[in-house]
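S.K.: Once you've had a glance at the structure underneath, I'll fire off some questions.
The values are calculated or read from the model by the stated rules, or taken from the named source; none is laboratory data. Being a predicted model, the structure only gives us computed values, none of them experimental. Because the Cβ atoms are built from the backbone with ideal geometry, glycine has one as well, and the counts that use them run over all protein chains shown.
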Amino acid sequence: MNATAENLPVSKTPVTPPRRFAMLLRREYWENRGGFLWAPVIAGAISLLLSAVLFVIAIVGMRNADSDAKFHLGDGDSMSINGIDLGVLAARMSESDKAQLAAGIDLTMLLSSGWPYIVMVFVMFFYCLGALYDERKDRSVLFWKSLPLSDGETVLSKVASAVLVIPLLATLAAIGTMLLFLVLLSLGVMVHGGNPWQLIWGPGHPLLISLSVLAAIPVYAIWALPTVGWLMLCSAWARRVPFLWALLVPILSGVFVSMFGLMQLFNLDGSWFWKNIVARMLLGTVPLTAHDIERVGASDIDGGLLHLIEPASVYSNLLQPATWIGAAAGVAMLLVAMRLRRWRDEG
């Protein structure tokens, strides 16, 4: 018996705007999974491999050392340990030594998670540059425009992918890298007679650091808006080589302003233009604000880096006018990019 159209099951689930938006996000992920997911994961894996090689070299070198290892403790005493027995060293540590150890472990965790974030900066930058240009270049924009999807929904899905999905996946890769790095440290501690829980996992705060970097994503998403808006504007407008337009326009503008001293008309110097215009247009994918840099410069390097990820410090960026002025400029550029996507065609 042949099935007729009346007998075929018909889905009655309405296609609501949230469902359409989720579909668009899945589209962006599957089309760019290599950059979104695998690039930060591979970067973290490479850093772990290099760390493992260095650990092996260090362990072999310590075991082949002829002289005893000397350690200076916080109470002014010193001790010599043949073969570096970390268990004995841990038993002699003072409270100040333990506090310094905890800070050192946290800083080591933070630094070990850096590679996925470095890759993330480039993935975000070039994804935004190609987000609207590539679909015009391969003519897939005609297919997507034939669907009941607005230009606003499509562009917003690309913005959400850039400022939320990419940083989230990179952060998860960074957390995984950090935890596996602690496992490597634990193996090294065990080789030298130490207790990993006493020397690594107890003093350190891996859970707190993980939650802190996850909580920072919305703040740096807002900070990235002017760069994302500028890059997507170039992606929607440029007929050829959007990278050159995105790079040369702000840089040449900065050179022009500096050469002719135009900022002096506003009682400002040329560095203001480079910091607040050029840098905001090109460097917003770096998860570090001007306010963060000032706070790190005003403190010691170890304390500055550790306080940098504290939620109170991260969310203090939302109290800075520059954050919201840049976000407003980014939204304005994104609105122009939406209009350009509607009318721009390669002919």
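S.K.: What is the one condition in (1) within 25 Å of LEU247 (Cα to Cα); (2) surrounded by 19 or more Cβ atoms within 10 Å (Cβ to Cβ) that ASP138 does not satisfy?
M.R.: Every condition holds for ASP138 apart from (2).
S.K.: Okay, next question. Does segment 202-210 include one or more residues that are more than 30 Å from ALA290 (Cβ to Cβ), surrounded by fewer than 21 Cβ atoms within 10 Å (Cβ to Cβ), more than 18 Å from the chain's Cα centre (by Cα) and not hydroxyl-bearing (Ser, Thr, Tyr)?
M.R.: Taking segment 202-210 first, the residues more than 30 Å from ALA290 (Cβ to Cβ) are 202-203.
Applying the additional criterion that residues be surrounded by fewer than 21 Cβ atoms within 10 Å (Cβ to Cβ) yields 202-203.
Of the ones still in play, those that are also more than 18 Å from the chain's Cα centre (by Cα) are 202-203.
Still in the list and also not hydroxyl-bearing (Ser, Thr, Tyr): 202-203.
Within segment 202-210, one or more residues are more than 30 Å from ALA290 (Cβ to Cβ), surrounded by fewer than 21 Cβ atoms within 10 Å (Cβ to Cβ), more than 18 Å from the chain's Cα centre (by Cα) and not hydroxyl-bearing (Ser, Thr, Tyr).
S.K.: Separate question: Contact list please: Cβ distance under 7 Å, first residue in segment 267-285 and more than 17 Å from LEU252 (Cβ to Cβ), second residue outside any helix (DSSP H, G or I), pairs at least six apart or on different chains.
M.R.: GLY284/ALA224; THR285/ALA224
S.K.: Starting from segment 148-166, keep only residues that are farther than 17 Å from ARG136 by Cα, then list their pairs with residues that are part of a loop (DSSP other than H, G, I, E, B) whose Cβ atoms are within a distance under 7 Å, requiring at least 6 positions of separation or different chains.
M.R.: VAL163/ALA224
S.K.: Considering only residues of segment 200-230 that are touching a Gly at 6+ places or on another chain (Cβ under 9 Å) and hydrophobic (A, V, I, L, M, F, W, C), which is farthest from TYR315 (Cα to Cα)?
M.R.: ILE200
Rundown of residues vs (1) under 30 Å from VAL163 (Cβ atoms); (2) outside any helix (DSSP H, G or I); (3) at pLDDT below 85, yes/no style:
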position: THR177; (1), (2), (3): yes, no, no
position: LEU180; (1), (2), (3): yes, no, no
position: VAL183; (1), (2), (3): no, no, no
position: GLY188; (1), (2), (3): no, no, yes
position: ILE200; (1), (2), (3): no, no, no
position: ILE209; (1), (2), (3): yes, no, no
position: SER212; (1), (2), (3): yes, no, no
position: PRO218; (1), (2), (3): yes, no, no
position: ALA221; (1), (2), (3): yes, no, no
